[in-house]
C-alpha cells in the first residue's frame with residue numbers, strides 16, 4: 001500500500017502529460033485543416049469580378065451619369081464643356097464594351113458637347129457624388145459580334161436522310177407604344193429600356209411617402225429623379241405633363257414635411273407650363 005501511494009502521483013502526472021500531448025497534436029491538426037479550408041475559400045479560380053462599360057454616347061449628361069452609377073461606375077467630366085444636365089456625351093473613355101476590373105467604383109472619363117436646344121442652367125456636375133477608384137482594363141472592345149455564329153460548310157443531306165429541323169423563328173419584340181408629346185430639335189429619343197416618366201414619378205412619390213425621416217440618400221434619390229423627370233418632359237417624352245403633376249405633389253410633400261423643395265417645385269411647375277404649352281400645339 002505504501003508503494004502504491006508513492007506510485008499514484010507519478011501515474012497521475014503521466015496521464016496529464018499524455019492528455020496534454022494529445023490535445024497539442026489535435027490542435028495542430030485542426031490548425032492545418034483550418035488553413036487549408038481558408039485557402040480553398042479564396043477565389044483563385046474565378047478571379048476578380050469584372051464590369052462591362054455601358055454605351056452612353058449621345059445621351060444627355062443627366063441620363064448618362066445615372067446609367068454609369070447604376071452600373072457600378074464613378075465618372076468625371078473632362079474638357080471645356082461642363083456637366084450641365086442637357087449637354088450630350090461626345091466621347092467616353094474607355095470605349096463601350098470594354099471589360100474592367102471591379103475595383104469598387106471604376107472611374108469613366110466623359111467629354112461633353114453643348115446641346116444647342118437648351119441653355120446651361122444651374123450648377124454643372126463634373127464628378128460623381130462618390131469617390132471613384134482606379135480603372136484597370138482586363139480586355140478590349142470586341143470587334144466581332146460574339147452572338148453571331150461562324151459560317152459553316154453544311155453538306156446537303158444524303159438520300160433518304162431526313163433534313164435537319166429548321167431553327168425556330170424568334171418573334172419580333174412589340175414596338176414601344178410611347179410616342180413623343182412634341183418634337184425638340186437635337187433632343188434624344190426616350191430610352192425604350194427605361195420606365196415611362198409617369199411610372200418613374202409614381203415610384204418617387206411612393207418612396208418619399210414611405211420614408212419616416214429625411215436622409216441624405218433620400219435627398220440624392222429625389223434630386224436625381226427630379227432632374228430626370230423635368231429634363232425628359234422638356235425633351236417631349238411621352239406623358240411628360242402627367243409625370244410633372246406627380247412631381248409637383250412630391251415637391252410639396254418634401255416642403256411640408258421637411259422644409260425643402262420650394263425651388264424644385266417652382267422648377268417643376270415652370271416645366272409643366274412649358275410642356276403643356278408645347279403639347280397643345
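Taking the stretch 177-199 as the region of interest, how many residues are modelled with pLDDT under 90 and within 23 Å of the chain's Cα centre (by Cα)? Of the residues in that region, 8 qualify. Scanning the stretch 51-73 for residues that are surrounded by fewer than 21 Cβ atoms within 10 Å (Cβ to Cβ) and either in a strand (DSSP E or B) or outside the structural domain of residue 135 (by TED's automatic domain parsing) (or both) yields a count of 2. If residue 90 satisfies every condition in (1) exposed (fewer than 15 other Cβ atoms within 10 Å of the Cβ); (2) modelled with pLDDT of 90 or more; (3) in a loop (DSSP other than H, G, I, E, B) but one, which is the exception? That leaves (3) as the condition not met. Count of the stretch 207-238 residues, restricted to those that are more than 23 Å from the chain's Cα centre (by Cα), surrounded by fewer than 20 Cβ atoms within 10 Å (Cβ to Cβ) and closer than 18 Å to residue 194 by Cβ, is 2. For the stretch 93-124: of the residues being crowded, with 18+ Cβ neighbours inside 10 Å and assigned to a loop (DSSP other than H, G, I, E, B), which is modelled with the lowest pLDDT? It comes out as 118. Among the residues of the stretch 240-281, those identified as touching a helix residue (DSSP H, G or I) at 6+ places or on another chain (Cβ under 8 Å) and touching a residue at least 60 places away in the same chain (Cβ under 8 Å) are 241, 275, 279.
The values are calculated or read from the model by the stated rules, or taken from the named source; none is laboratory data. Everything numeric here is computed off the predicted structure, so don't read it as measured data. We place every Cβ from the backbone using ideal geometry, glycine too, and count neighbours over all the protein chains shown.
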